[in-house]
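Below is one structure, written out as structure tokens; comments come after it.
Each reported figure results from applying straightforward, stated rules to the coordinates on display, with no laboratory input. All figures in this text were calculated on a predicted structure; none of them were measured in a lab. FYI the Cβ positions are ideal-geometry reconstructions off the backbone, even for glycines, and counts take in every protein chain you see.
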Amino acid sequence: MLKSLLILIIVLIAALPAFAQDEEAPDPVCEANVPAEALAALDGIADLTPEEALARVIDARVALQAVEQQCARAGVVLSRNYITPDGTFALVVPQGWLLGTYNPTEAGGILFMGNSATAERLLQVENPRLLPGEQSLQIVVGLPPADSDITLESVMSDFRTPVNAVYPELSTTVLYEVDGRSLAWFAYRGDGFDGVVVGIAMEDRRFAVVRGITSGGDLDAL
């Protein structure tokens, strides 16, 4: 059950709308074909110098990541299962994403992950500089004290306050229910990047909160 709830969080992040735009963007379409740019970049690569070959591989990777991002916007995401070393929770990791540091707690923990090797560092600086398509997530799972009256609203407020102190461009917090479970989210924007915080009240009194950042204008792809 924990696994399915955290999968739901990741799916919700992928579906969250970006800040309002002047014009309505067309519905994304997943055309999972190898782009011509990638094929052209790899053509004749065996005859190149190591430096030239590496440059071609990078060009091909950029072209393929663009396809992956477009498909993510359309809701098509390849994934793999991950269970924390102490077994406190599980989730689905998008294909190609890297797992960062996991800091365990008695009833959960904090996990960093993203689609680049710098994902964890990007989440720990005030004004991260993300490359186009770069995305990072911080997943926090915890259990409030037994005698507390902490709610999802108060948990989201605890996250919202420090975010708002640094990033004034903030959406309202949206609260709703899915299959009887309380969820909430708000979006924010920094200098050159978009961010979102999603929270869910889990069945065993625990709360899960996911903070995600992505390069500016790419919030839909998270």
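Things to note:
- Label-to-label distance, nm, for residues given as ILE150 and ILE110 (7 Å Cα→Cβ offset): 1.3
- Full-extension gain in nm, GLN124 to LEU98, via 0.36 nm per residue minus C-alpha separation: 7.7 nm
- Other residues lying with their Cβ under 12 Å from the Cβ of ILE150 contribute a combined charge of -2, Lys and Arg counting +1, Asp and Glu -1.
- Among the trypsin sites (Lys or Arg not before Pro) in the stretch 119-170, those placed in a DSSP loop whose Cβ has at most 13 other Cβ atoms within 10 Å are ARG129.
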